[in-house]
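The values are calculated or read from the model by the stated rules, or taken from the named source; none is laboratory data. These figures come from a predicted structure and were not determined experimentally. Cβ atoms come from the backbone with ideal geometry, glycine included; neighbour counts cover every protein chain shown.
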Amino acid sequence: MTTLQLGKRPASRDPRTLRFGSLLQSAQLHPPASYDCEQAFHDMEAEPPRLPLGTTPTPMFKNDTNPCCVIAGRAHLTLRFERRERNALVRATDQEIEWEWLNESDQVVEGLLLLDSLKAWRKWGWTAAKRQHKADLFASVDPCQLDHVKTAISYTHRGVGLIGGWELPFNVTKRLTDPEPWEVVKGPDAASDPAGGHCMVPVAYDDKGLWFVTWGRLQFATWGWFQAYCSELFAVLDAPDEYDIGDKQDGRSRIVEVVDIERGRAELRRLAA
């Protein structure tokens, strides 16, 4: 029988955390009405595309045997960030996932604090596919600001992605292997499970909801569910490495039209002083 694990501890707060809204170049955002990261890669890559549509895998990343959803979420973003940079799939091994989870967990078996893990990713990086990968910066996103949410998701193929934590309700935790859509229900099972903290990465959306990559699959949830159970949400900006062979200038120019990266870096330097 297939078993699945969670692994996100209750949300923590740090008043020094950058806010995505404060880094936006304009209050007037126009995210696409729908977005699919896989289709965006297909459209962006050289013609004919170097990688066929549907190429990006959705590995389990050990989240069936370990409560390592925070590191699994990071691995899913890294997989997509590196596809942007190298036009190739750079996938962390299960051994690398487990090592990073154990290294950050410090023997706390119930899971990781997402915010602390993001700080570690930005400060020290992590090893995936035998290479070091770091986040440039991250910023909290208000889940009620759907234009902000959609903007962050719609730049996943350009090096900005969304990662967050949800307190899964009982109707989900009682049937984790059930791929049926997640939507808000009524009754006792609508309450958040105290042991239901889970980290996921959204990679597509439309007017009805969005798709998370988690547990080796794409899981659909309605926008109402997304907002009802979201406890923390962050936009992450990738730190490009020397293997960036894509149209870096084009990708960066499009990102900086929306996000003031230098303002974020300057704020981090001020906080570290």
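Screening GLU167, GLU257, GLU267 for residues that are modelled with pLDDT of 95 or more and among the charged types (D, E, K, R) leaves exactly one candidate, GLU167.
When residues in segment 73-83 are screened for being under 16 Å from ILE163 (Cβ atoms) and basic (Lys, Arg), 2 of them pass. Among the residues of segment 86-94, is any free of Cβ contacts under 8 Å to residues at least 40 places away in the same chain, surrounded by 15 or more Cβ atoms within 10 Å (Cβ to Cβ) and in contact with a helix residue (DSSP H, G or I) (Cβ under 8 Å, 6 or more places away or on another chain)? Yes, there is a match, as at least one residue in segment 86-94 is free of Cβ contacts under 8 Å to residues at least 40 places away in the same chain, surrounded by 15 or more Cβ atoms within 10 Å (Cβ to Cβ) and in contact with a helix residue (DSSP H, G or I) (Cβ under 8 Å, 6 or more places away or on another chain).
Residue count for segment 185-214, restricted to those that are at negative phi and surrounded by fewer than 16 Cβ atoms within 10 Å (Cβ to Cβ): 11.
For segment 144-153, a residue qualifies if it is surrounded by fewer than 23 Cβ atoms within 10 Å (Cβ to Cβ) and either closer than 14 Å to CYS199 by Cβ or polar (S, T, N, Q) (or both), and exactly one does: GLN145. Of the residues in segment 212-224, at least one is under 30 Å from LYS130 (Cα atoms), at pLDDT 90 or above and touching a His at 6+ places or on another chain (Cβ under 8 Å). Only residues that are of a type in the set (A, V, I, L, M, F, W, C) and touching a strand residue (DSSP E or B) at 6+ places or on another chain (Cβ under 7 Å): list them for segment 116-127, please. LEU118, TRP121, TRP126, listed by residue number. I'd like the residue in segment 95-119 that is among the polar types (S, T, N, Q) and surrounded by fewer than 18 Cβ atoms within 10 Å (Cβ to Cβ) and, out of all such residues, is nearest to GLY164 (Cα to Cα). So, considering only residues that are among the polar types (S, T, N, Q) and surrounded by fewer than 18 Cβ atoms within 10 Å (Cβ to Cβ), the one nearest to GLY164 (Cα to Cα) is ASN103.
Output the number of residues of segment 225-248 satisfying the condition of being of a type in the set (Val, Ile, Thr) and at pLDDT 95 or above. Count: 1.
Those strands (runs of 3 or more DSSP E) of segment 131-237 in which 3 or more residues are more than 14 Å from the chain's Cα centre (by Cα) occupy 131-133, 160-169, 192-205, 217-222. Applying a threshold of 7 Å to beta carbon distances and a minimum spacing of six or more residues, or different chains, the list of pairs starting in segment 196-217 at a residue that is over 17 Å from ALA40 (Cα atoms) and ending at one that is of a type in the set (Phe, Trp, Tyr) reads HIS198/TRP166; MET200/TRP166; MET200/PHE212; GLY209/PHE220; GLY209/TRP223; GLY209/PHE226. Looking at LYS130, is it at pLDDT 95 or above, surrounded by fewer than 21 Cβ atoms within 10 Å (Cβ to Cβ) and either in contact with an Asp or Glu (Cβ under 9 Å, 6 or more places away or on another chain) or among the hydroxyl-bearing types (Ser, Thr, Tyr) (or both)? Answer is no for this residue.
Of the residues making up segment 222-243, just one is small (Gly, Ala, Ser) and buried (at least 24 other Cβ atoms within 10 Å of the Cβ), namely ALA235.
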